[in-house]
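Every read-out reported here was derived from the displayed coordinates using simple, explicitly stated rules and does not represent laboratory data. Here the structure is a predicted model, which is why all the values come from computation and not from measurement. Here the Cβ is made from the backbone with ideal geometry for all residues, glycine too, and neighbour counts use every protein chain on show.
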Amino acid sequence: MTDNHKTYLVLPHLNAGLLSPEELEQLAALARKYRIPKTKITGAQRVAFLGMEPEALEAMKVELNIPATPPHVRNRVHYVQACPGNTWCQFGQGDALDLGERIKQVELDGPLPYKVKVGISGCRFCCCESWMRDVGLTAEKKGWRFSFGGNAAGRPRIGDLVAEGLSDDEAVALVTKTLNYYLHAAKFKTRSARFMERFGISALKTAVLG
Ligand code: SF4
């Protein structure tokens with residue numbers, strides 16, 4: 001991706017920000033090889049190479065086999081942001097990383113109307129800002145709390161609470177059902193926040209909890 005003055009490249013498909021020592025070494029090798037001035041962890045828990053020369057950007061895309069125009073509409077969620085959860089954090093009530101991986105693997109009935117961001121927090125401290133994501137999951141003692149239709153952009157919106165007290169399996173199933181409903185009911189390029197403003201939480205609950 002480029003803007004008018006600098007080029008930058010975001011490396012997708014990191015597993016909720018998890019990096020092995022080997023992956024860190026590969027990233028460092030790439031940064032040295034292409035003389036990248038700045039490397040950054042993005043808010044989406046991906047790695048961004050900032051300030052690249054245009055020639056280096058193109059060469060790296062070829063080396064990493066990155067398509068010139070990444071697909072924005074597809075039958076999976078756009079990205080999953082997950083906190084360390086109860087495996088690695090003393091406050092964790094649920095395994096956010098494992099749930100994130102499961103949701104990332106979900107194949108939906110068809111392409112989503114627009115990008116869907118998922119935020120999964122292992123406890124009520126909500127480090128992944130779940131309420132502000134299209135799909136928000138927050139662990140509590142009694143299970144996962146699922147909200148839908150959040151957005152942190154130009155017209156911010158707190159997601160609507162769809163269900164609470166969900167097991168891991170129930171959370172994956174309900175998120176899948178909700179996204180399948182959204183992709184059939186919403187117009188193309190309608191974010192979940194705008195869809196929920198028009199559709200309403202009562203109608204959504206009737207559709208997915210019945
Ligand atoms: S949301 Fe809770 S479990 Fe997750 S990192 Fe923050 S404090 Fe830890």
*Ranked by how many other beta carbons lie within 10 Å on average, peptides 191-201, 142-152, 16-26 from highest*: 142-152, 191-201, 16-26
_Highest-first arrangement of 43-50, 97-104, where packing means the average Cβ count within 10 Å_ = 97-104, 43-50
*Nearby lysines by direct alpha-carbon distance to Lys33 (threshold 26 angstrom, same-chain neighbours under 8 apart not counted)*: Lys6, Lys61
*At 0.692 mPa s and 37 °C, Stokes D of the stretch 90-205 from Kirkwood alpha-carbon radius, µm² per second*: 235 µm²/s
_Rounded to two decimal places and with Rh computed the Kirkwood way over Cα pairs, what is Rg over Rh for the chain?_
1.00
*Relative to the longest principal Cα axis of the chain, at what angle does helix 54-64 sit, 0 to 90 degrees, rounded to 10?*
60 degrees
